[in-house]
1. For the Cα atoms of the chain, what angle does the longest principal axis make with the long axis of helix 78-93, in degrees from 0 to 90, nearest 10?
2. What are the ³J(HN,Hα) values, in whole Hz, obtained from phi via the Karplus relation 6.51 cos²θ - 1.76 cosθ + 1.60 with θ = phi - 60°, for each residue of the stretch 125-141 in sequence order, with x given for Gly and Pro?
3. Between Asp235 and Lys46, how many nm apart are label points set 7 Å from Cα along the C-beta direction?
4. Would you work out the charge dipole size for the stretch 76-245 about its Cα centre, treating the Cβ of every Lys and Arg as +1 and the Cβ of every Asp and Glu as -1, and quote it to the nearest 20 debye?
5. Compute the Cα gyration tensor for the stretch 70-197, then decide on rounded, prolate or oblate, letting a ≥ b ≥ c be the square roots of its eigenvalues: rounded whenever a/c is under 1.5, prolate when a/b is larger than b/c in the other cases, and oblate in all that remain.
6. To the nearest 500 deg cm²/dmol, what mean residue ellipticity at 222 nm is calculated for the chain from DSSP H runs of n ≥ 4 alone, each contributing -39,500 (n - 2.57), summed and divided by the residues?
7. Report the full-extension gain for the segment Arg72 to Thr92: residue separation times 0.36 nm, less the Cα-Cα distance, to one decimal in nm.
8. For the peptides 166-172, 230-236, 192-198, what is the packing order when you average, over each peptide's residues, the other Cβ atoms within 10 Å and list the highest mean first?
Amino acid sequence: MSTVGKALSLLDSLSQLNNEAGLTDIARLCELDKATTRRLLVELEKHGFVEQDHETRKYRIGSAPVRLARIREARYPFLRIAIPFVKDLAETSEETVHLSEFTGGRLSTIHVEDSPRAHRVIVDIGTYLPFHATASGLAYLAFSGPQQIEAALSQPLNSFTEHTVTDPSAFRRLVAETAERGYSISNQGLEIGVVSTAAPIRSPAGQPIGAIAIAAPLARASAGTLESFGASVADTAKRISEKYYGSERPSGARTQTKGTG
C-alpha cells in the first residue's frame, strides 16, 4: 500500500472510533508499526485531518474533513435533498430509516432517522454496509451491473449471523430477485432480530449512487409489512433520484412488481 493509501486508511480507521485514541492503539488498529503511524499522524495533523489533545496526547478527527464535506454538499447537495424524504418515510413507517452513499468501493450510512418506538433498530452514521449482508448492499448491487456483482463476489462473504447468505449461487439468486422486484429484503443478514428492505437511488444513467432502507425488528416484520415497506422505499428512492437529478427517468428502470419477499 502506498503512503497516501496508508494515511487515508488510518484516517478512515480513526473516524470509526467513538473516542480519542493514543498512538499505540492507532498503530494496533491499523496494523502498522508505531514509527510509521507517528509519521502519518504528524502529516495528517499538519493539514488539519487529525487533531491531538495537548494534555492527553490522544488523537481525533480534525476539521479538514468537515470543511471538505461542506464544500461537497454545497456543490452536490445529496443530503439536503434526500433528508426530507427520509424523514417522511420514517414518519409513515414508524421504523428506523437510513440513507447510504457509495464511496471508496463501499456503502456507508450518511443519515439516520430513528423510529419513535421504544423497541427499534439502531443504526450509526458512518456504518459500512456489507453488500451481501444488508438490504442496502443488495439493492445497490442488483442495479449496478455484472462487473460490480462479480467484484463483490470476489471478496470473502463473511458470515455475521446464521442467516447471512454466504453461498455465491444463493447470493446471485437474491440479486436477481431484487432486480425483478424493485427492492431488496434482508432477513437478519447482519444482525439477529433485524429485517430490512431497501431500494437504490440512481443516476439518470441508471447507476446507483446509494440506497435508502427501512430497518425493523423481526417481531413487526410480517410478509405484508415488508411488501408495503418495499413499495415505499422504492417509491422514495425514485423521488429522491428525480429531485436530485431532475425528472428524467433512470435508463433501464424497471416497472416495479410487488412481491411478498
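Read-outs: derived from the displayed coordinates by stated rules, not from any lab. Computed from a predicted model, the values in this text were never measured in an experiment. A quick note on method: Cβ atoms are made from the backbone with ideal geometry, for glycine too, and the neighbour counts reach across all protein chains shown.
1. 50 degrees
2. Computed from phi, the couplings for the stretch 125-141 are 5, x, 5, 7, 10, x, 4, 7, 10, 10, 5, 4, x, 5, 5, 4, 5 Hz.
3. Simple spin-label model gives 5.5 nm for this pair.
4. Dipole of the stretch 76-245, to the nearest 20 debye: 280 debye.
5. Judged from the Cα gyration tensor, the stretch 70-197 comes out oblate (a/c at least 1.5, b/c at or above a/b).
6. -14000 deg cm²/dmol
7. Contour length minus Cα-Cα distance gives 4.2 nm.
8. 192-198, 230-236, 166-172
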